[in-house]
Structures are given as C-alpha cells and as structure tokens.
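Peer 1: The following block contains the structure, expressed as structure tokens.
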Amino acid sequence: MDPLYNGWKSYTFFFSAENTQAYLKKKYQAQNLDNPSQKGFDNCYAFLYYLEHGQIYYEQSEKAPLILKPILLFYGFVHLIKACILTVNPLYPETTSVLAHGVSTRKRKKQNYQFFHDEVKFQRNGLFPFMSETMFHMEQLEGDKITMEELLKLIPELDELFVKLEAKQTFMTLERCGDYFTIPEKILDHYHMTEGRFKEFFSTKFNSLFFDQDTLKFRLDDKALKNPTPLKFNLEMESYTLPLNKNNLFHFPELLTHYLLLYNLSMIARYETEWWGELIKMMPNRDYPFINSFLNITQKKGPFLIHQFLMG
C-alpha cells in the first residue's frame, strides 16, 4: 500500500487551519494563480469542513444498515470530492450549475429490472462533468451512457467475485519490486498482441516508461503512479493490477467509477424502495453479491482514492 496512507489517520494533517492554509497556498502557487496566500486563507475552512463532514458520513455508514449505506457513502464521497476541487479551483463553486449531480438515471425502473443492465447518462452541467474536467482534464462526455456492469468491471477488488460468479477475469496482478513492475506474459493472450506490439501500446499510456529489452518488466516511480493510469491499485490485495479489457474505459479514473456507482445506488436506495428492499431481503440474483461487495470496498477505497489525489 501507499506508505503515506493509513486510513482516516492520514487525514489528521488537514484538520488544522494552519496546515490546510499552507497546503492550499502551495497548490495554488504550483498553478501560478494570483494571490495564492489569500486564496489559501479564504478556502482553508471550507476545505477542512468538506473533509470533516465527509469523514462523518463514512463513519456513520459503517454503523448503518445496508439499506442506508449507499446514501451515506455517496454524500460522504461528494464532500471529499469538493475538497479535491478546491485544490485546483479556488473559486469553486462559481455558479449554481456545478452543484447538480451531473448525471442522470432512468427514474422508473423497467419490469424485471437488473442493476447490471442499468445505466447512467452524463449531463452537460453539474459535479460529474466539472470534476472530470478540473481534476482529470477529461473532455466533455455529455450524452454518453455507461452501464453498471461496465463500471463494476473497472473495480479491481471485484475481480475475484467476477471469476467466482461469472467465470470472467477482469484484472491481472503485477509483480512489484521497488519501482520495477513485471506483467505476466499471459496478458498477451488477453490483449491479442505480440510482446513488441503490447510494449508499444502500453508505453503510449505513460509519459515516460521503458521496458526491459527481453521481458515485460518496466520501471515506474511513485509520482507517476499517483496520476490516473491504466494501472489500478487493489487495496485488499495491496498490489497493482492491469485491466484485461482495453476498451475506451481503459483510462477511466477509478474515482469517477466510484462516484457513478454510488450515485446510482443512492438514487435506488431513495426512490426504488420496493426493489431495494426486496434485493436486500430476498437476494434473488447476482446483483446482491456485487452491490454488497462494492459498498464494502468503496467504504475504504473512496477515502484512499481521495487521499491519492490530494497528495498527488
């Protein structure tokens, strides 16, 4: 695991206005913004309270029954995200248009509804497009849709469940020794590539990455790992993994994946009372084990992803 991360204890540094002010000033200076000291002073308490309130939501969700968890986790995550946005945009929120969720879901679920097949649609305005652009420099995704199955397959900690229940492997674990990583050769079968073609393809995903001449071993420092890359950290296994699907979501930041899944689950928990109640009591299909597992994962992974961004 990231040696700098130790759960909520890692956030202790920020629960001091003096520390937070200095931290924000440094962030704003790095972006060459005007009056970084004043902006750090103006935003230090908003930043601090976003983190504190987020932590409270997460702590309450640990004690709450499953029926309430998605709502508490979603709003906790939103508070932590707003703290991240303040580090790159000191004027947030400039307008009310950035306060909406930024995604939508089908309000009335169809008969025989399955969570796996449900989808969310990206909107022009709101938190999702705003954070995609300000935090990850992603282009406008307005009108695009993504299914819950696609999103669940982007969570490395769910790989074991996909293998057990769906007989599908979604990630491959990399061996690590210091700054050196080795990708198992069997990845070539999944990607349908020769070793040379794979090295060429993979190298384009990083600013500076060089493979050993005769193996799938490469060097990457911790700084590069803090940026969004195809490599995903499996928090439960404490290892880096590589997705086996090289589709257009190959580079999709994991923080956004957690946001979209929590958004939809929180909407279901609030507005699809009958389906949500039946899922929890009856456990009729594959939806329950994946939803329950994801909620347990995001309880710890959400704050980890936020901390990675703040320290990046």
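Peer 1: When you scan region 130-155, how many residues do you find that are out of contact with any helix residue (DSSP H, G or I) (no Cβ under 8 Å at 6 or more places or on another chain) and within 17 Å of L262 (Cβ to Cβ)?
Peer 2: Adding up the residues that qualify gives 1.
Peer 1: (1) over 30 Å from K217 (Cα atoms); (2) at pLDDT 90 or above: which one isn't true of L242, the others all being true?
Peer 2: For L242, the exception is condition (1).
Peer 1: Find all pairs meeting these conditions: Cβ atoms under 8 angstrom apart; at least six residues apart or on different chains; first residue within region 4-26 and farther than 14 Å from H307 by Cα; second residue open to solvent by less than 80 Å² (accessible area, probe 1.4 Å) and outside any helix (DSSP H, G or I).
Peer 2: Pairs found: L24/P90.
Peer 1: Another one. I'd like to check which strands (runs of 3 or more DSSP E) are fully inside region 101-151 and have at least 2 residues that are open to solvent by less than 20 Å² (accessible area, probe 1.4 Å).
Peer 2: 103-105, 119-122
Peer 1: Could you check how many residues of region 239-275 are surrounded by 19 or more Cβ atoms within 10 Å (Cβ to Cβ), aromatic (F, W, Y) and either farther than 17 Å from F130 by Cα or more than 14 Å from the chain's Cα centre (by Cα) (or both)?
Peer 2: Adding up the residues that qualify gives 1.
Peer 1: Among the residues of region 152-167 satisfying the criterion of being free of Cβ contacts under 8 Å to residues at least 12 places away in the same chain and open to solvent by 10 Å² or more (accessible area, probe 1.4 Å), which is farthest from F294 (Cα to Cα)?
Peer 2: Once the filter is applied, the top-ranked residue is A167.
Peer 1: Which one of the conditions (1) at pLDDT 85 or above; (2) open to solvent by less than 20 Å² (accessible area, probe 1.4 Å); (3) more than 19 Å from P156 (Cβ to Cβ) does L209 fail to meet, given that it meets all the rest?
Peer 2: (1)
Peer 1: Step by step: first the residues of region 175-206, then only those that are open to solvent by 50 Å² or more (accessible area, probe 1.4 Å) and closer than 16 Å to F250 by Cα, then the one that is modelled with the lowest pLDDT. Which residue is that?
Peer 2: K205
Peer 1: If we scan region 67-84, do we find a residue that is at positive phi and surrounded by fewer than 22 Cβ atoms within 10 Å (Cβ to Cβ)?
Peer 2: No: zero hits.
Peer 1: Follow-up. What number of residues within region 11-64 satisfy the criterion of being open to solvent by 80 Å² or more (accessible area, probe 1.4 Å), farther than 27 Å from L295 by Cβ, among the charged types (D, E, K, R) and part of a helix (DSSP H, G or I)?
Peer 2: 3
The values are calculated or read from the model by the stated rules, or taken from the named source; none is laboratory data. Keep in mind that what you see is a predicted model, and the values were worked out from it rather than measured. Counting neighbours? That spans all protein chains shown, and the Cβs are built from the backbone with ideal geometry, glycine included. Only protein heavy atoms, including side chains, enter the accessible area calculation; ligands, DNA and RNA are left aside. Shrake-Rupley method; radii C 1.70, N 1.55, O 1.52, S 1.80 Å.
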